[in-house]
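Undergrad: Please see the structure below; I have some questions.
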Amino acid sequence: MLSRQHNFYQQFLQLVDALLIGASIWIAHALRFFILNKLIWFDDFPLAPQFANCYWMIALALPFGPLALEYMGIYQTQPPLNWLKSVERIAWSLFLVLLAIFTCVVIFRIPQATISRTALGLFFLLALGSLTIRTILFRFWLMQRGSRVHLRQYILLCGLRKDREIWKQRFLSQQSKNFEIKAEFDFLEEGLERFVEMLHDEMVDIVVFSLEETIIPQIREALLACEAEGIEAWISADFIQTLFTRVQFDQFAGQPLLIYRTTPAISWELVAKRIIDVTGSFALLVLTSLPILLIAILVRWTSPGPAIFWQNRSGLHGRPFRMYKFRSMVTNAEQARAELKSMNEMSGPVFKVKNDPRVTPLGYWLRRTSLDELPQLWNVLHGEMSLVGPRPLPLYETASFGDISQRRRMSVRPGLTCLWQVRGRNQITDFKDWVRLDLEYIDRWTLWLDIKILLRTVPVVLFGWGAK
């Protein structure tokens, strides 16, 4: 696992573990003094002095608990711990927390009569159970993450045969199995043109370069090709200068790397973006469930054919996915597209026609209000799209890109709305301007920019600004 990614996971798990430990202390005291004390033992001893002790214990355990877990090796990923070993180390960590509590009792001369041993015993059991469940769930998620196709990262290995074999072993040794070697490339046997073709044919997410002095000029050209398409590149050396805007030093399986990236690295902002995607799409699906049902009935009633139209679109790095919409055209719209080619109002590979004769009367209204896009909330919830991101294009349009740099718009997850939506929408007739806005979004991305785009999308949708 990349050390940068490992550090992110570790910080997140430490926060979760601290909350679990603090909650276990509070719940243990609540069980002792508000349930066992009243319902079983019928004890009338005043509750406040003893129950209040849980708060200074929580204040002590919140920072000390994760430190004890880290000291016992709970957060290590290489080699992975089995669950029995994890339980043992968690138990020892909690023993250290209890030892710290008793040390404070002695140092600060806290009356032992106000310390409930029953509550501390309950805390030990609750924390042991919750932390064990958290550990098992995290490792299960880590293992399952690699089995989900849209989350798997496809690797292109470049370099001499001996170097590629070493990198194969490094990837195969990873616990998460989130990497899949899609193809290999040898610069001594194949040229740059074939390298660019492989980027398209294999739809790779990461290119790993193993440098040799004899192939440095070829690799530099290959790096520039990766930069133009927004594909992440790993280099196992530190002496190449390129035009990439973001260069980070990291390591994988102990091997130092320079990572050249044009998109944001993993961060709390990206986690918050995904949380907003999941909660937002789920809430909107629930709130619009009745309108979705009514629109589906109207689509079927007003024109022959299915209510939902699906089409394969280009997702992250060109990976195809099935995108859903309410059908707004006649059923033979795809076949009739060739006949309308001369009416195309958008320069470049994208097809846009004003007053498209294929659009049904209801479909015209759905497009004006953007209600035809509601089924894409499922794509967002499933992880194939985001609420904010460049609009996904059909596969035949992305295959026709005339400028290789236009593919960099696919270096982030596509979205329901974007800068193109709020800055002109279908009034923009030059595909280069569309791409320019998408690349501006990628280069300037922050969570606050997403929020601003979402807020600006509301009036655009309500009043149909720029829609056709």
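The values are calculated or read from the model by the stated rules, or taken from the named source; none is laboratory data. Nothing here was measured: the structure is a model prediction, and the numbers come from that model. Here the Cβ positions follow ideal geometry from the backbone for every residue, glycine too, while neighbour counts run over all protein chains shown. Side chains are part of the model used for accessible areas, which takes the heavy atoms of the whole protein and leaves out ligands, DNA and RNA. Shrake-Rupley method; radii C 1.70, N 1.55, O 1.52, S 1.80 Å.
Undergrad: Being at pLDDT below 80 and β-branched (Val, Ile, Thr) is the filter here; which residues of segment 410-434 pass it?
TA: Across segment 410-434, the qualifying residues are ILE428, THR429.
Undergrad: Please find, among LEU36, LEU62, LEU99, LEU67, the residue that is over 29 Å from the mean Cα position of the chain (by Cα), part of a helix (DSSP H, G or I) and modelled with pLDDT of 85 or more. Steps first, please.
TA: Values: LEU36 fails: modelled with pLDDT of 85 or more; LEU62 fails: over 29 Å from the mean Cα position of the chain (by Cα); LEU67 fails: over 29 Å from the mean Cα position of the chain (by Cα).
Matching residue, one of LEU36, LEU62, LEU99, LEU67: LEU99.
Undergrad: State whether the residues of segment 228-251 include one that is of a type in the set (Lys, Arg) and either in a loop (DSSP other than H, G, I, E, B) or open to solvent by 30 Å² or more (accessible area, probe 1.4 Å) (or both). Spell out how you get there, then give the answer.
TA: Going residue by residue through segment 228-251, those that are of a type in the set (Lys, Arg) are 246.
From what's left, either in a loop (DSSP other than H, G, I, E, B) or open to solvent by 30 Å² or more (accessible area, probe 1.4 Å) (or both): 246.
Looking for residues that are of a type in the set (Lys, Arg) and either in a loop (DSSP other than H, G, I, E, B) or open to solvent by 30 Å² or more (accessible area, probe 1.4 Å) (or both), one finds at least one in segment 228-251, hence yes.
Undergrad: Pairs please, first residue from segment 444-464 and among the hydroxyl-bearing types (Ser, Thr, Tyr), second anywhere and in a helix (DSSP H, G or I), Cβ atoms under 9 Å, 6+ apart in sequence or on different chains.
TA: THR446/GLU269; THR457/GLN421; THR457/VAL422
Undergrad: Which of the numbered conditions does PRO256 fail, given that it passes all the others? Conditions: (1) over 20 Å from the mean Cα position of the chain (by Cα); (2) modelled with pLDDT under 90; (3) assigned to a helix (DSSP H, G or I).
TA: (3)
Undergrad: Further question on the same structure: Between a first residue in segment 348-366 that is at positive phi and a second residue that is β-branched (Val, Ile, Thr) and surrounded by 17 or more Cβ atoms within 10 Å (Cβ to Cβ), which pairs have beta carbons less than 9 Å apart while being 6 or more apart in sequence or on different chains?
TA: So the pair list comes out as GLY348/VAL435.
Undergrad: Hey, could you check segment 279-297 for residues that are open to solvent by 70 Å² or more (accessible area, probe 1.4 Å) and of a type outside the set (S, T, N, Q) and say which is nearest to the chain's Cα centre (by Cα)?
TA: Kept after step one, since they are open to solvent by 70 Å² or more (accessible area, probe 1.4 Å), are these residues of segment 279-297: 279, 282, 284, 286-287, 290, 293-294, 297.
Still in the list and also of a type outside the set (S, T, N, Q): 282, 284, 286-287, 290, 293-294, 297.
Details: PHE282: 16, LEU284: 20, VAL286: 22, LEU287: 24, LEU290: 29, LEU293: 30, LEU294: 32, ILE297: 34 Å.
For segment 279-297, the residue satisfying everything is PHE282.
Undergrad: Let me ask something else. Any residue in segment 156-177 that is basic (Lys, Arg) sitting within a Cβ distance under 8 Å of a residue that is at pLDDT below 85? List the pairs, counting only those 6 or more apart or interchain.
TA: Cβ pairs passing all conditions: ARG164/SER210; ARG170/PHE252; ARG170/ALA253; ARG170/GLN255; LYS177/MET143; LYS177/GLY146; LYS177/SER147.
Undergrad: Do you know which residues across segment 437-451 are in contact with a Leu (Cβ under 9 Å, 6 or more places away or on another chain) and either among the polar types (S, T, N, Q) or closer than 18 Å to ILE404 by Cβ (or both)?
TA: ASP438
Undergrad: Please verify whether THR279 is closer than 23 Å to LEU449 by Cβ and either at pLDDT 85 or above or outside any helix (DSSP H, G or I) (or both), treating the condition exactly as stated. Give the steps one after another, and end with the answer.
TA: Details: closer than 23 Å to LEU449 by Cβ: yes; either at pLDDT 85 or above or outside any helix (DSSP H, G or I) (or both): yes.
So THR279 fits the description; yes.
Undergrad: Out of the residues in segment 362-396 that are acidic (Asp, Glu) and over 14 Å from HIS317 (Cβ atoms), state the one that is surrounded by the fewest Cβ atoms within 10 Å (Cβ to Cβ). If you could, list the steps in order and put the result at the bottom.
TA: Within segment 362-396, the first condition is being acidic (Asp, Glu), and the residues that meet it are 372-373, 384.
Still in the list and also over 14 Å from HIS317 (Cβ atoms): 372-373.
Details: ASP372: 22, GLU373: 20.
That would be GLU373.
Undergrad: Please go through segment 307-322 and give me each residue that is open to solvent by 20 Å² or more (accessible area, probe 1.4 Å) and in contact with a strand residue (DSSP E or B) (Cβ under 9 Å, 6 or more places away or on another chain), ordered by number. Before the answer, list the steps.
TA: Start the filter on segment 307-322 by keeping residues that are open to solvent by 20 Å² or more (accessible area, probe 1.4 Å), which leaves 308-313, 316-317, 319-320, 322.
Answer for segment 307-322, where residues must be open to solvent by 20 Å² or more (accessible area, probe 1.4 Å) and in contact with a strand residue (DSSP E or B) (Cβ under 9 Å, 6 or more places away or on another chain): ILE308, PHE309, TRP310, GLN311, ASN312, ARG313, HIS317, ARG319, PRO320, ARG322.
Undergrad: I've got another one for you. Can you find even one residue in segment 333-355 that is closer than 30 Å to ASP205 by Cβ, in contact with a strand residue (DSSP E or B) (Cβ under 9 Å, 6 or more places away or on another chain) and open to solvent by 70 Å² or more (accessible area, probe 1.4 Å)?
TA: So far as segment 333-355 goes, yes, one or more of its residues are closer than 30 Å to ASP205 by Cβ, in contact with a strand residue (DSSP E or B) (Cβ under 9 Å, 6 or more places away or on another chain) and open to solvent by 70 Å² or more (accessible area, probe 1.4 Å).
Undergrad: Please count how many residues of segment 397-428 are open to solvent by 30 Å² or more (accessible area, probe 1.4 Å), assigned to a helix (DSSP H, G or I) and of a type in the set (A, V, I, L, M).
TA: Counting residues in segment 397-428 that are open to solvent by 30 Å² or more (accessible area, probe 1.4 Å), assigned to a helix (DSSP H, G or I) and of a type in the set (A, V, I, L, M) gives 1.
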